[in-house]
Amino acid sequence: MSSLLSKPWFLAVLSLVILLGTQAGAFYIYWADLFPAHHTEVLVVKREDPSSLQWSFSSEHIVKLQSELEGRLAEVEKKEVELQVFETRLEADRAEVDEIKSKVEQMRDTLLADIVKVEEWEKQNLKSLASTYSNLDPLATVSIFSELNDPTVAKIMRFMKPDIVGDILQEMATQDGGNEVLIKRAARLSDILRLFTDDNVDPS
């Protein structure tokens, strides 16, 4: 051992080992001071109310907008109800108009069916018949007319004098103590005479 201590290289190695050990010990002792640890502190907030948080971002402007929106929605719903009522009323009015139109068309068809026109070619024959029946008793004329249809009777009566026509219609209305069938026929013949389209008839 003493021989090693006398050797320069051994002393150099020993000095190096001692130096490194000293530095290592110093580093170990003062490590915490040289390199302090960084600790992250966490702030924990404990709530007294354990219920879930409900965030509210309401403001005066938002509340106003919400109120306006609700008002507009209510107005739209009101308009929709009014529109439905109007559509229902319109359908009812349309149905009523269609019904009235149908009745008017039926009346027109009935009216046209009652209109009798005297053609030029039959005037002479009708005048001859009218003259013949005008000389008969109203009772006999009514009996003959019972065998003829209404348009033909009306054409003949069209060429009779008004007072003779009146006597014939009166006989129809009073015959058999007021026969309902004859009364209705007298009224029907009166309407047909009123609706004649030939204005050139000259009763004789």
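Overview of results
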read-out: Residue list for the stretch 168-204, restricted to those being at pLDDT below 80 and surrounded by 12 or more Cβ atoms within 10 Å (Cβ to Cβ); value: L195, F196, D198, V201, P203
read-out: Test: D98 is modelled with pLDDT of 85 or more and acidic (D, E); value: yes
read-out: Condition met for L4 (modelled with pLDDT under 70 and surrounded by 10 or more Cβ atoms within 10 Å (Cβ to Cβ)); value: yes
read-out: Residue list for the stretch 130-179, filter: among the basic types (K, R) and not in a loop (DSSP other than H, G, I, E, B); value: K155, R158
read-out: Among residues of the stretch 57-80, those that are modelled with pLDDT of 55 or more and either among the hydroxyl-bearing types (S, T, Y) or not in a helix (DSSP H, G or I) (or both), counted; value: 3
read-out: Selection count where residues are basic (K, R) and surrounded by 15 or more Cβ atoms within 10 Å (Cβ to Cβ), scope the stretch 147-167; value: 2
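The values are calculated or read from the model by the stated rules, or taken from the named source; none is laboratory data. Note that the structure is a prediction, hence the values are computed from the model and not measured. Cβ sites come from the backbone with ideal geometry, for glycine too, and all protein chains shown count toward neighbours.
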